């Protein structure tokens, strides 16, 4: 199987993602990781890769180049004899392919392959272009190398990419069928392939794509909860957010008005003056999470399309620049920031869940119970949601506070962006559970109150969808299956939030 080369404008074709080393986005990485699109390298990008490869071999033949004619890390001053150069690359891959822990799922490994193929087309690696074609073949066929979880500290995913390199060379196993033909990797290819944070970037792209959508779905759930407690729309009024014009908060308030069919200047309710923070501060807490996601996507957009290999091969001036462009401080800090903002959104969901259990707000029995004496209703959901929130808090600990001194003290700092990406991926499941608990309670409260918003409104469509899926039995019973069904609904709520529901 081979991948044809196309011009960038062909990317408009359905199911096609052009890798050009310039414009690959987070959504493109997700589509390739999930097998929803096929990759093709762009014409000009392949020319860049070929020029870089030619230049790298000429430079290495006439001077000392880190990792090609020398060892790596603390062995950087050890020259590789000319007669040993041919085997140096494979030795480097073999020695570095020592990642440990569980095998990563296909989706994460495929995201890594997509990112690395695109980065190579940025033209700074000096790697043989046939490797790009092989990576594209693997992405198209569904084959992926065995890659283990641990091995990076945020200064290059050396171990994971070395495993991929050995697989490309025919010395490491693949999963699935359709693995590319073995590549003749040598001393000019090994470090050029593994000098990247492609796994970390792929994992981060998968995580932010899922979680950004879930934050939007949470806003739809919050709107249902607001209706269930006769909440006020005043907190989302346009003048409030024009007076304090944070971009994210203003956009959340605008979208809240659209979900609910509220005016820009809503009429104050006749009842209580203002609501608890779970409703009143929703724009001020959801807004920063969207802003943090924007920042993270901006960082990823740069890194996914960066020629960050060390050394950087520059055909223009026939130079190999040794540098620290592989260090992922930007990404680690953006991921940490995003998870902290995400945790605040989840914590607000548990606040609304508590309000839904309170008769003073719902005019129903405590815990949304049925009419049996001392029924517990959804009481346990508060405990379950708080337990999941505890995991989310743990995952939100800043990974960038980590520290490591490695390779005989030569590499005396680490970003731990790799840990930050893994923690962000792990946050997805815990976050879903928290919001799923709120959704079960909100739908139950609306049913008990027999409240039905206009089905023409986004919030009305959301309730119809939820009622078609969630069990309407109000008797005391296990709610595990209800929450599982609710978490699965959240992706469809994301479509409602985006205005793209089918």
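Nothing in this text is a laboratory measurement; each read-out follows from the coordinates by a stated rule. Just so it is clear, the model here is predicted, and its values are computed rather than measured. For neighbour counting, all protein chains shown are included, and Cβ atoms are generated from backbone atoms with ideal geometry for every residue, glycine included.
Some observations on this one:
- Least to most buried among 78, 210 (fewest other Cβ within 10 Å first): 78, 210
- Sorting the segments 344-352, 474-482 by their mean number of nearby beta carbons within 10 angstrom, highest to lowest, gives 344-352, 474-482.
- Tensor-based shape of region 196-248 (alpha-carbon gyration tensor, a/c under 1.5 rounded, otherwise prolate or oblate): oblate
- Tilt relative to the chain, helix 247-260 - C-alpha long axis, 0 to 90 degrees, to 10: 50
- Extension reserve of the residue 475-residue 258 stretch, reckoned as 0.36 nm per residue once the Cα distance is removed: 74.7 nm
- Rounded tilt (10° steps) of 480-498 against the dominant C-alpha axis of the chain: 80
- Extension gain from residue 391 to residue 175, taking 0.36 nm per residue of separation minus the Cα-Cα distance: 74.6 nm
- Considering only beta bridges that DSSP places wholly inside the chain, some 65 percent are antiparallel.
- Summary value for region 8-196: 27 percent relative contact order, contacts being C-alpha pairs under 8 angstrom separated by 6+ residues.
- For region 231-337, the convex hull spanned by the alpha carbon atoms encloses 129 Å³ per residue.
- Three-way shape call for region 284-361 based on the alpha-carbon gyration tensor, with the a/c threshold at 1.5: prolate
- DSSP bridge analysis restricted to region 8-196 gives an antiparallel fraction near 55%, rounded to the nearest 5.
- A simple packing score, the average count of other Cβ atoms within 10 Å per residue, orders the peptides 149-158, 107-116 as 107-116, 149-158, with the highest score first.
- Summary of the geometry: region 434-456 and region 329-369, compared by the centres of their Cα atoms, lie 16 Å apart.
- Sorted by Cβ density within 10 Å, fewest first, the residues 431, 321: 321, 431
- Going from the fewest other Cβ atoms within 10 Å to the most, the residues 144, 327 appear in the order 327, 144.
- Between residue 247 and residue 450, the contour length at 0.36 nm per residue exceeds the Cα-Cα span by 69.5 nm.
- Protection proxy ranking of 306-319, 225-238 - average other beta-carbon atoms within 10 Å, highest first: 225-238, 306-319
- In the chain, the longest principal axis of the Cα atoms and the axis of helix 158-168 are about 70 degrees apart.
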